[in-house]
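Below you'll find the structure, written out as structure tokens, and then a few comments.
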């Protein structure tokens with residue numbers, strides 16, 4: 001069992017970034033959450049080096065590691081690289097979540113949950129119409145907000161996942177990366193990688209750990225920033241509102257088949 005007040009609970013936040021200026025949104029808010037977690041940033045922009053001094057100036061003064069790269073990995077591989085880094089350092093974390101550079105994490109506490117709960121789903125608020133709403137962000141949003149659209153967040157971002165399960169899921173995803181990248185290149189718009197990764201995680205867990213399940217807590221801990229002025233992200237076009245629903249549905253179906261085929265072909269490691 002894990003308690004939100006247990007000092008032995010080791011939690012990590014993996015932040016992926018390409019447009020470094022958007023760290024001005026995510027990092028200052030992280031700095032207000034205390035220092036009971038470790039922040040690992042993967043800078044996927046080889047043309048710009050990110051330094052600890054920059055992050056400190058933005059307000060984060062807790063444990064920090066930065067991965068600068070000499071090539072563009074892409075969102076999928078960037079998240080796997082963060083997991084590989086955490087594992088290689090033998091940090092032995094209990095829980096891990098991810099954060100996009102232009103989004104906001106409101107809470108970094110781990111509630112007490114059963115051992116068979118592999119993930120903790122909470123709510124997210126999406127802001128996409130009024131930039132002024134961003135300046136209204138505060139800790140009271142944990143209980144809900146009158147701004148934006150709030151609902152359960154079925155996404156790897158902002159969802160706490162047990163590190164052991166996440167490390168094994170990374171091993172499952174890794175051999176699929178060439179095909180994943182092929183599919184992504186064929187698509188007209190940028191994928192919501194967080195949602196696709198969450199879908200794949202559930203398929204993986206159902207196969208390897210059928211006794212485990214995610215638990216939902218009706219609390220808002222994540223804010224997705226989707227203002228209309230952002231036309232691209234990670235050099236990819238963002239689907240407009242009129243096509244986003246259909247595009248996401250089609251992409252979801254394609255990747256669901258990929259993950260399910262991988263399970264059928266026994267790419268998932270044998271059950272322990």
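Below, the figures for the structure above:
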{"quantity": "Members of region 134-175 that are at pLDDT 60 or above, over 21 Å from residue 87 (Cβ atoms) and surrounded by 15 or more Cβ atoms within 10 Å (Cβ to Cβ)", "calculated": "134, 137, 147, 148, 150, 153, 154, 155, 158"}
{"quantity": "Residues satisfying the stated conditions in region 63-92, i.e. within 14 Å of the chain's Cα centre (by Cα) and at pLDDT 90 or above", "calculated": "77, 78, 79, 80, 81, 82, 83"}
{"quantity": "Residue 187, sole failed condition from (1) under 29 Å from residue 218 (Cβ atoms); (2) touching a residue at least 40 places away in the same chain (Cβ under 8 Å)", "calculated": "(1)"}
{"quantity": "Matching residues, region 108-132, being buried (at least 17 other Cβ atoms within 10 Å of the Cβ), in contact with a strand residue (DSSP E or B) (Cβ under 8 Å, 6 or more places away or on another chain) and not in a strand (DSSP E or B)", "calculated": "108, 110, 113"}
{"quantity": "Helices (runs of 4 or more DSSP H) enclosed by region 1-93 - at least 2 residues per element that are in contact (Cβ under 8 Å) with a residue 60 or more places away in the chain", "calculated": "23-30, 75-88"}
{"quantity": "Residue in region 94-107 that is farthest from residue 216 (Cα to Cα), counting only those that are assigned to a strand (DSSP E or B) and within 12 Å of the chain's Cα centre (by Cα)", "calculated": "100"}
{"quantity": "Breaking point among (1) closer than 23 Å to residue 173 by Cα; (2) in contact with a strand residue (DSSP E or B) (Cβ under 7 Å, 6 or more places away or on another chain); (3) exposed (fewer than 15 other Cβ atoms within 10 Å of the Cβ), for residue 89", "calculated": "(2)"}
{"quantity": "Matching entry among 36, 24, 43 (being under 19 Å from the mean Cα position of the chain (by Cα) and modelled with pLDDT under 90)", "calculated": "36"}
{"quantity": "Failed item in (1) more than 16 Å from the chain's Cα centre (by Cα); (2) modelled with pLDDT of 90 or more, with residue 4 passing the rest", "calculated": "(2)"}
{"quantity": "Which numbered condition residue 222 misses (of (1) modelled with pLDDT of 70 or more; (2) exposed (fewer than 14 other Cβ atoms within 10 Å of the Cβ); (3) not in a helix (DSSP H, G or I))", "calculated": "(2)"}
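The values are calculated or read from the model by the stated rules, or taken from the named source; none is laboratory data. Every value quoted in this text rests on a predicted model; they were computed, and no experiment measured them. Cβ coordinates were reconstructed from backbone atoms using ideal geometry, including for glycine residues, and neighbour counts include every protein chain displayed.
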